[in-house]
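See structure below.
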Ligand SMILES: NC(=O)c1ccc[n+]([C@@H]2O[C@H](COP(=O)([O-])OP(=O)(O)OC[C@H]3O[C@@H](n4cnc5c(N)ncnc54)[C@H](O)[C@@H]3O)[C@@H](O)[C@H]2O)c1
């Protein structure tokens, strides 16, 4: 299985994956519309770089003809193309549904309508499908809480509460059998995407694998998209000598997984031979506080900007979520290798070699506030 189509192959994960697979002897086709939010107005350099290592088809996944053209002679499809901003998805609802859901259904329908050799489908899903994920309550045992109460958030009481005792619950590693509780349109989209891919895989007898990524970071991530990637957002703040605003109290945690590890998880899925249709978490398994991320970055850039904890909060944000990675280790033989301290250093070294991007974060905050998404 040497011919691989990567939708969204020009993006952060897609580009790293294309380079890796090209170096390992695969023939890569990319279908990507080079969306301006991610690639800016003039993506000439990206086009040039990708054309050297792949067949680049510039087009939209919602375009059935482009999809049919792209899937001819492919053995595997890796579907990465998506709109990815959790906050943005809460007010650009039609657009997110259109790209993420209609894009996936157009791609899948093209498989049905085209003569093809596809033997495997891999879809990039997200931890966003779980929302808050798995918690433990002394009184009730395992819990899968819905979004936090507005009254608590307004009173700056940010931890997730037991529905019975109202005491703080302990966040624990979220496994794949945890309840699906998305807190955002994006999270809902990712769930629908993966379920469509798994279902079609089953009905066509094609292996289908959904990888639920945690927060992916590392060299190559977009420094210009203010809607995703807190390492990028904080870095752009710092390099423009702007202070960092941290929402809530800074003690919210995220599971950060380094780009090379994510590529390894996809490669393990490509190589797997006995998975029919299944779902795997891809994360480091550890929660890292957002305030610690900001402090580490400030130190690494040798900056003296201020880190302000604002106590404000965003609709759709979760408090904690980190992956239970036992299943991906057992079935894919995959385990993340890069610890956060090494990964963040590599990221900073890479950022220091890039042009300093204009800080568009403030604009995005104004947009989110105007839509009532920051409180
Ligand atoms: N980066 C993360 O932290 C993370 C976490 C969980 C899941 N994911 C998922 O992984 C996938 C890749 O993420 P990424 O970080 O590389 O995102 P990215 O935004 O860097 O890349 C997405 C790519 O898709 C392309 N695209 C967008 N709309 C398209 C359309 N309508 N038609 C064709 N191409 C289109 C964009 O031009 C871009 O090149 C996404 O599906 C995302 O939801 C990413």
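The values are calculated or read from the model by the stated rules, or taken from the named source; none is laboratory data. All figures in this text were calculated on a predicted structure; none of them were measured in a lab. Don't worry about glycine lacking a Cβ; one is built from the backbone with ideal geometry, like all the others, and counts go over all protein chains shown.
Counting the residues of the stretch 271-307 that are in contact with a strand residue (DSSP E or B) (Cβ under 8 Å, 6 or more places away or on another chain), more than 18 Å from residue 216 (Cα to Cα) and free of Cβ contacts under 8 Å to residues at least 40 places away in the same chain gives 1. Of all residues assigned to the stretch 105-128, at least one qualifies as being more than 16 Å from the ligand (Cβ to nearest atom), crowded, with 18+ Cβ neighbours inside 10 Å, part of a loop (DSSP other than H, G, I, E, B) and assigned by TED's automatic domain parsing to the domain that holds residue 250. Mind checking which residues of the stretch 70-102 are more than 30 Å from residue 372 (Cβ to Cβ), within 13 Å of the ligand (Cβ to nearest atom) and not in a strand (DSSP E or B)? Result: 70, 80.
For residue 223, the test of being modelled with pLDDT under 95 and crowded, with 16+ Cβ neighbours inside 10 Å is passed. Taking (1) assigned to a helix (DSSP H, G or I); (2) buried (at least 20 other Cβ atoms within 10 Å of the Cβ) in turn, residue 281 satisfies each apart from (1). For residue 60, the conditions (1) assigned to a loop (DSSP other than H, G, I, E, B); (2) more than 13 Å from the ligand (Cβ to nearest atom) all hold with the exception of (2).
Anything in the stretch 37-57 that is within 9 Å of the ligand (Cβ to nearest atom) and surrounded by fewer than 18 Cβ atoms within 10 Å (Cβ to Cβ)? List them, or say none.
Taking the stretch 37-57 and keeping what is within 9 Å of the ligand (Cβ to nearest atom), we get 37-39, 43, 46.
Residue satisfying the conditions is 37 alone.
Within the stretch 216-227, is there a residue that is away from the ligand (no atom under 15 Å from the Cβ), touching a helix residue (DSSP H, G or I) at 6+ places or on another chain (Cβ under 9 Å) and not in a helix (DSSP H, G or I)? Taking every residue of the stretch 216-227 in turn, none turns out to be away from the ligand (no atom under 15 Å from the Cβ), touching a helix residue (DSSP H, G or I) at 6+ places or on another chain (Cβ under 9 Å) and not in a helix (DSSP H, G or I).
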